[in-house]
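Since the structure comes first, as structure tokens, the remarks are kept for the end.
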Amino acid sequence: SVTTRTASCSTSALARVTERYKALEMLDRFTQNLGTAVLSGRVIEGLLAEAGEIMHAEKAWLLAGHQHHLARFRLDDEATVREVPTELDLALTTGLGEAGQMFAVSGLVASEATEGFEQVMIARIRSDEADPLYLVVADRSGAVRSFDAGDLRLFETLAAHAGIALQNVGLVDRLRREIEVTDHLAAHDSLTGLPNRNRFNKTLDAAIAEKESVAVLLIDLDRFKDVNDTLGHHNGDRLLVEVGRRLSQLIKAPNLVARLGGDEFAVLLTDSATEAEVIRWGLEIAEELEQPFQLADLEVQAGASIGGALRTPAANDGPTLLRQADVAMYSAKGDHSQIELYAPHRDHYSPERLAMVGKLRAAIERRELTLHYQPQIDLATGEVVGAEALVRWLQPDGTMVAPDDFIGVAEHTGLIRPLTHLVLEMSIEQGARWYRQGHRFQISVNFSPNNMVQRSLAADVGRLLEQAGLPPQYLMVELTETTVMGNPGRTIEIMNALRSLGVNLSIDDFGTGHSSLSYLTGLPATEIKIDKSFVFAMETDPTAATVVRAIVDLGRSLGLLVVAEGVESAELASRLREMQCAVAQGYHFSRPLPVREFERWLAERAGAEVDQWVSGQSIEHTAQVVAPKS
């Protein structure tokens, strides 16, 4: 009947819809599983397993190659294996186009190698003529029916998806290779091939987390800039490559060598990282890098300054260890030594000192610093001819900060200029007051290398002198030899400008720097100060006395006033007077004193008998002195 036919048609349509839905579900699952297989690198195994399961096939395999040069990949119970193809495979691929095909094995010309199959479906899944791929499934597994046209259409769709998946394999492989290359570049220096700063920091952090004994060596080449400037950047790069090669040959695992950037290399020691081992490694590295390098047909010596830092409770992380090694390296560079270990007292950037920066800046702005003055005595007459201004910092809580501590912080944080300006202003103002009171002696102020690059310095000094009303000849600017030689061209220019104002100039700590006589004779100086280390040593070392006498004679022959620092006994004062040294200062005469104490000392001295001085006696200051020794 009509009703029966309609119901039958509806049932048939529902079955087709259900079948299509199941097919879509299978394709979706197939695609997802292939995507997972692509990412895991097991795409062939995944492809064959899925194809066999969806098609309910006894066997599934891939054929790769071109007709008589086929390779079979078949999934067995353990893994994918590579086999020599059978005559069945050759017959299947002969004349196969883009679409899939279905065969009854009995219809194939394959008498010896049918492998017991009754029915086979094959589809070409990659159209590359040079390297085609075929997907094959054979026989239903326990099925009540054989493959049909619907199965073939589903199989063709699977093959198309498989082709996309296999193309993705190539893409993923390329991406993986690129990622590996990128990861390598991200962790290694492109010039030397050594681990870079990023890799070094990660390895250092891991070592600190795992080991008790960890140390860092920081290596900076001494003459790299000379090589770059003289022989060009190409040879500079060659030098860095060779340094990296030598360090790599010297430093072996588990230790690590890296290039951090520029001409800076680092070594991580985790194998017996004791102080003795750090020093030993440092000396070995320094000796290795002292050997000549062959560049541009020249033998070049680079040399290196090396700083070492060991893990301690106070340095228990990578950044701190690297910072401490950096401080030690600069100590080695400044001392011209090969290797230095981190020493807290030489760390101008320690957290404690850096915490001082804000307080020091505020103290300068609020003029909370004070000046102490140490007198300078004419050894022939006993007259006070000068006073050196020395800055002191007494904090509101009564704590006296040592000058070496806060002056070092000022030098390394840019505060030295406002600090020096404040000291200069206060010194000139005090000198002007004493000048108006009838005291005719010079006020000496110390300038740092950072001051001697300010082109406006002479103009600033002249303005302060004029405002205070102090004649320029009563101001003495003291510069160390190191300050002068740091930038001699600019420094001498500023010295000449100061001398044109009428200000006097002193070369401080003479004998400890590296100036030559040619520079000394060309400097517009009016005074040299013998460093106190030579004066102290005169009591026990005859050589020191010879050096002091030579400096006195040199100064006198050049028409310079000679001042001896560090005179702490009447005997030293007497010997210096015999050498015809003009002026002396030191604890034998007075410690540095605050203004009121200094004025009391002047008053006491003014009432002393001249014959006391001539007989070699001195008037001792009996007031309590709280200023630290400077």
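The values are calculated or read from the model by the stated rules, or taken from the named source; none is laboratory data. Source: prediction; values computed, not measured. Using ideal geometry, Cβ is built from the backbone for each residue, glycine included, and neighbour counts are taken over all protein chains shown. In case anyone asks, the SASA skips ligands and DNA or RNA and just uses the protein heavy atoms, side chains included. Shrake-Rupley method; radii C 1.70, N 1.55, O 1.52, S 1.80 Å.
Miscellaneous remarks
- Computing Rg and the Kirkwood Rh from the Cα coordinates of segment 434-584 gives a ratio, Rg/Rh, of 0.99.
- For residue 271, the accessible surface of its heavy atoms amounts to roughly 80 Å² (probe 1.4 Å, protein chains only, rounded to the nearest 10).
- Solvent-accessible area of segment 415-522 (1.4 angstrom probe, protein heavy atoms only): carbon and sulfur portion equals 49 percent.
- Each pair of Cα atoms in segment 284-397 enters the Kirkwood radius, and Stokes-Einstein at 20 °C and 1.002 mPa s then converts it into a translational diffusion coefficient of 115 µm²/s.
- Considering only segment 290-384, percent of DSSP beta bridges that pair antiparallel, nearest 5: 60 percent
- Segment 556-610, accessible area per residue, ligands and nucleic acids excluded (1.4 Å, Å²): 45 Å²
- Computed in the context of the full set of protein chains, the accessible area of segment 225-373 at 1.4 Å probe radius has 52% of its extent on carbon or sulfur.
- P(r) for segment 182-336, from all Cα pairs and a bin width of 5 Å, is 2, 9, 20, 23, 21, 14, 8, 3, 1, 0 %, short bins first.
- Loop-resident sites, segment 249-339, for trypsin sites (Lys or Arg not before Pro), counting at most 11 other Cβ within 10 Å (DSSP): 252
- Remark: accessible surface ordering of 506, 500 (largest first) is 500, 506, probe radius 1.4 Å.
- For segment 316-442, the per residue solvent-accessible surface stands at 46 Å², with DNA, RNA and ligands left out and a 1.4 Å probe.
- In segment 546-582, the GluC sites (Glu not before Pro) that fall in loop regions by DSSP, at most 16 other Cβ within 10 Å: 568
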